[in-house]
Each structure stands twice: as structure tokens, then as C-alpha cells.
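Have a look at the structure below, then the notes.
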Amino acid sequence: MSLVLRTIFVMWLCEVKKYLRSRSRIIGALGQPIFYLLALGYGLGSVFQAAGQGSYIQFLAPGVIGMAIIFTSIFNGMQIIWDRQFGFLKETLVAPVSRVAIMLGRTFGGATVATMQGSIVLGLTLLFGFHPVSWALVVPAILLMFLVASLFSALGITVASFLTDMQGFQLIINFLAMPMFFLSGALFPLTKIPLLLKALATIDPLSYGVDGLRALLIGVSHFGVAIDVIVLLAVALVLLGLGSYRFTRVEV
């Protein structure tokens, strides 16, 4: 058991170190959230307010944080394909340690990186006028970010375990990530939307992540925090199990 925990910790630490050493990666990942805050937060703010919904920046900020988390964490799987192509993955997998521990370490490392990125975006939203209803709930919000990031980091690694080229991974992930983001209610309320969109949002795991962040940061929730956490935990456990199973069968 101690070897498994050490393996998880070492793989987690490697992912975090790679992130901290790459300033361009940190700064580059902030471009899209800033664009959404500027273009949509201010561009649609007056329309949102005229509709009697209050400040759009307040509503949008948790969704933008969710966007930063999903794209940072899900693309963590690309590292698996990169390492496979250059032989680094083979060196890791031939080590006398559990492949499941390697997968969990990389998953939680990617989730930690995505949580750090989400926390930076949360800090940026303050500059655009966002303010949480309670600073005491910021810590639970960060814990929820980690849960969401773990889910999508596991999803990225699971998808990567089926593929051998980065182009295919990017196509599939964009096909998954973009619809999940736009259907999650990150940009619009889930009330009074067409039934089809509501049904799709209900099966979208990111919907529960964004909703949970809104509940903790601005006190507004569609599903309820308890439902959000239960669904996210259930989906995360399923993806961690599937990802672990697939990772043990990766051929290098």
C-alpha cells in the first residue's frame, strides 16, 4: 500500500511541477476566460440586466471558472499520447509499480493543475467586478473545483488510452468538451429553456459543476448543492474506474 501511495504522490508531483515550470501554459490558458468575461460579461450585461436577471458578470463568472477547469483538466490526457509517442510512457509502465497508481497520480495531478488554473481565473473575475456572496464559501468552492477537475481529468486519460495520435485526441475532445461547456448553463440560465436543451443539460456532468459553483459563490442553484456533489462524485468514480481499467491495458 505504501508503494501505491508513493507512486500516486510522485506522479501527482510530476504533473504539478510541469505546470509550475510552464509560465506560457499558465498565461495562455487565461486568454479564453478573459475573452468571455470581456466580450460576454460586458457585451451582454445590459441585456441580461434588462431581462431582470441582475448582474451578468455575477452569473457568468462561475461558468467561466468551469470552462477553465474543463479545458485544462481534459487536455491532461494529451500528455499520455505525447509520452507514448516519445517513449516516456513505456519507461513509466515497465516500472515495478501499479499502473492504476500511475493513472490515479496523473489524474489527480491534472486535477490539481486545473484547480489552480480555476483559482487564478476566480481571482481574475474579481477584477471584472465579480464578488462572492460569502468568502467563507470560497474554500468549499475550490474543493468542488477539484472534484470537477478530477472527473474531466479522468475522462481525458480514458479517451487517451484508446488513441495513439494527438490529432485524433484533439478532435474527439473538442467534440466532447465544447458541447458540454455550451450545454452546461455556463452562459445562460437553465430555467425556461427548450425541453431538449434542458434534457441535454441534465445529462451533462459539467452542468452540475457549474451549478455547484454558482450555489457556493453567488447563492443561486438550479439542481441543489447536494445533488450536484452526488452526481459529480458518482460520475467521477465511474470514470476513474473506467480509466484505471483502460490504463492497465495500454500497449506501448
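Take every Cα pair under 8 Å whose residues are at least 6 apart in sequence, average their separation, divide by the length of the chain, and the relative contact order is 26 percent. Computed over every Cα-Cα pair of the chain and binned at 5 Å starting from 0, the pair-distance distribution P(r) comes out as 1, 7, 13, 18, 19, 16, 11, 7, 5, 2, 1, 0, 0 percent. Shape summary of segment 107-252, radius of gyration then Dmax from alpha carbon positions: 16.1, 50 Å.
Computed from Cα positions, the angle between helix 2-21 and the longest principal axis of the chain comes to roughly 60 degrees. Semi-axis lengths, largest first, of the ellipsoid equivalent to segment 117-178 are 32, 14, 8 Å, with √(5λ) applied to each eigenvalue of the Cα gyration tensor.
Values quoted throughout were computed directly from the atomic coordinates according to the rules given, and no laboratory measurement underlies them. Keep in mind the model is a prediction, meaning the values are calculated, not measured.
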